[in-house]
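Q: Below is one structure. I have some questions about it.
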Amino acid sequence: MFAEDQLSDDKFLCGRLRLLQPLKGYRAATDPVLLAAACPAEPGESVLDLGCGAGAAALCLGWRVPGLALAGLELQPDYAELARRNAGRNGLALAVHEGDLARMPAALRRDFDHVIANPPYYPPGGSPSPRQDRARAMQVETPLADWIAAATRRLRPGGWLTLICGADGLPEVLAAMAPKLGSASVLPLAARQGRPALRILLRARKGGRAAFRLLAPLVLHAGPAHDGDRESYTAEANAVLREGADLVAHFR
């Protein structure tokens with residue numbers, strides 16, 4: 001378990017959520033906020049966050065949509081405990097279970113209306129982080145196809161998978177969806193206008209039959225380059241990352 005002096009108390013959604021995170025190790029940034037914003041969950045529905053970390057995505061979603069039945073699966077016990085603490089200190093109910101995709105805890109072997117996931121997307125090899133917990137959270141150990149398969153098993157018929165990953169992982173994700181997932185829509189995430197998208201948000205439906213859609217990119221930062229003082233988010237990105245707006249309209 002992380003000691004108190006190993007943690008920071010970080011603001012998400014302009015302080016609407018306060019999350020404890022390790023000072024050294026994996027630290028959530030924009031990806032889980034964007035993931036939560038893309039999930040089309042409605043009050044009363046159930047959501048499973050695969051690899052929930054310290055709870056950022058699930059809790060951002062729970063803040064935006066009241067009355068959800070939130071559950072999380074996390075491999076690393078220290079992060080699972082942080083997720084439980086973060087849920088309690090924000091007044092949100094999140095049932096966090098420890099385990100991995102290949103050996104799903106019995107309590108999670110049921111149907112969910114939604115599954116959300118932010119799998120590691122840095123390729124193995126190279127120079128991994130000296131901290132094992134951060135390396136495990138960031139670098140690919142489990143293939144994306146296994147994440148898709150695990151999510152598919154947990155979805156009810158007609159349920160939705162919402163996933164954020166590196167753009168280079170999209171071919172593997174699409175190949176792994178068949179034959180049970182369809183109606184896929186992909187929202188590219190571009191750092192700036194005219195830049196290639198390095199990440200994507202994907203939504204797909206269990207049993208869906210609609211045609212694949214590649215949507216217009218969401219541009220995150222205004223201007224051609226960093227201004228020297230502070231990153232300037234576009235109005236759309238600012239509404240999501242700081243005000244808690246959703247991205248549902250982008251997928252219509």
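Q: Residue check, ASP133 against (1) open to solvent by less than 60 Å² (accessible area, probe 1.4 Å); (2) assigned to a helix (DSSP H, G or I); (3) of a type outside the set (Gly, Ala, Ser); (4) modelled with pLDDT of 95 or more, all met but one. Which one?
A: Here ASP133 meets the rest and fails (4).
Q: Could you list, in sequence order, the residues of segment 52-64 that are in contact with a strand residue (DSSP E or B) (Cβ under 6 Å, 6 or more places away or on another chain) and open to solvent by 20 Å² or more (accessible area, probe 1.4 Å)?
A: TRP63 - this is the single residue of segment 52-64 that is in contact with a strand residue (DSSP E or B) (Cβ under 6 Å, 6 or more places away or on another chain) and open to solvent by 20 Å² or more (accessible area, probe 1.4 Å).
Q: Residues in segment 44-55: is at least one over 16 Å from the mean Cα position of the chain (by Cα) and closer than 16 Å to VAL115 by Cα?
A: Yes, there is a match, as at least one residue in segment 44-55 is over 16 Å from the mean Cα position of the chain (by Cα) and closer than 16 Å to VAL115 by Cα.
Q: Picking from ALA210, ALA204, ALA197, ALA149, which residue would you name as being modelled with pLDDT of 95 or more and open to solvent by less than 20 Å² (accessible area, probe 1.4 Å)?
A: ALA204
Q: Could you list, in sequence order, all residues of segment 29-43 that are touching a strand residue (DSSP E or B) at 6+ places or on another chain (Cβ under 8 Å) and surrounded by fewer than 20 Cβ atoms within 10 Å (Cβ to Cβ)?
A: THR30, ASP31, PRO40
Q: Being more than 17 Å from the chain's Cα centre (by Cα) and in contact (Cβ under 8 Å) with a residue 40 or more places away in the chain, is that true of even one residue in segment 179-188?
A: no
Q: Follow-up question, since we're still on this one. Those residues that are of a type outside the set (Val, Ile, Thr), open to solvent by less than 20 Å² (accessible area, probe 1.4 Å) and either at pLDDT below 95 or closer than 21 Å to PRO143 by Cα (or both), I need them from segment 157-184; list them, please.
A: LEU161, LEU163, CYS165, GLY166, GLY169, MET177, LEU181, GLY182, ALA184
Q: Output the qualifying pairs, or none if there are none: Cβ atoms under 6 angstrom, residues six or more apart or on different chains, first residue in segment 100-118 and under 23 Å from LEU202 (Cα atoms) and in a helix (DSSP H, G or I), second residue open to solvent by 30 Å² or more (accessible area, probe 1.4 Å) and of a type outside the set (Lys, Arg).
A: Final answer for the pair search is LEU108/HIS97.
Q: Only one residue in SER46, SER8 is surrounded by fewer than 24 Cβ atoms within 10 Å (Cβ to Cβ), polar (S, T, N, Q), out of contact with any helix residue (DSSP H, G or I) (no Cβ under 6 Å at 6 or more places or on another chain) and within 17 Å of ARG89 (Cβ to Cβ), so which one is that?
A: Working: SER46 fails: within 17 Å of ARG89 (Cβ to Cβ).
When all the criteria are applied, what remains is SER8.
Q: Residues of segment 65-86 being open to solvent by less than 50 Å² (accessible area, probe 1.4 Å) and either among the aliphatic types (A, V, I, L, M) or in contact (Cβ under 8 Å) with a residue 40 or more places away in the chain (or both), which ones?
A: Across segment 65-86, the qualifying residues are VAL65, LEU68, LEU70, ALA71, LEU73, GLN76, TYR79, ALA80, LEU82, ALA83, ASN86.
Q: Let me ask you something else. Condition check: at pLDDT 95 or above, of a type in the set (Gly, Ala, Ser) and either under 30 Å from ARG153 (Cβ atoms) or surrounded by fewer than 16 Cβ atoms within 10 Å (Cβ to Cβ) (or both). Does ALA225 satisfy that? Even if it seems obvious, please write down each step before you answer.
A: On the way: at pLDDT 95 or above: no; of a type in the set (Gly, Ala, Ser): yes; either under 30 Å from ARG153 (Cβ atoms) or surrounded by fewer than 16 Cβ atoms within 10 Å (Cβ to Cβ) (or both): yes.
Here the answer is no, as ALA225 does not meet what is asked.
Q: If GLY25 satisfies every condition in (1) open to solvent by 40 Å² or more (accessible area, probe 1.4 Å); (2) more than 19 Å from LEU155 (Cβ to Cβ) but one, which is the exception?
A: If we test GLY25 against (1) open to solvent by 40 Å² or more (accessible area, probe 1.4 Å); (2) more than 19 Å from LEU155 (Cβ to Cβ), just (1) comes out false.
Q: Name the residue that is farthest from TYR233 (Cα to Cα), counting only residues in segment 185-194 that are open to solvent by less than 60 Å² (accessible area, probe 1.4 Å) and not basic (Lys, Arg).
A: SER185
The values are calculated or read from the model by the stated rules, or taken from the named source; none is laboratory data. Just so it is clear, the model here is predicted, and its values are computed rather than measured. Glycine also receives a Cβ, built like all others from the backbone with ideal geometry; neighbour counts cover every protein chain displayed. Each accessible area value is taken on the protein alone, full model and side chains, heavy atoms only, with ligands, DNA and RNA left out. Shrake-Rupley method; radii C 1.70, N 1.55, O 1.52, S 1.80 Å.
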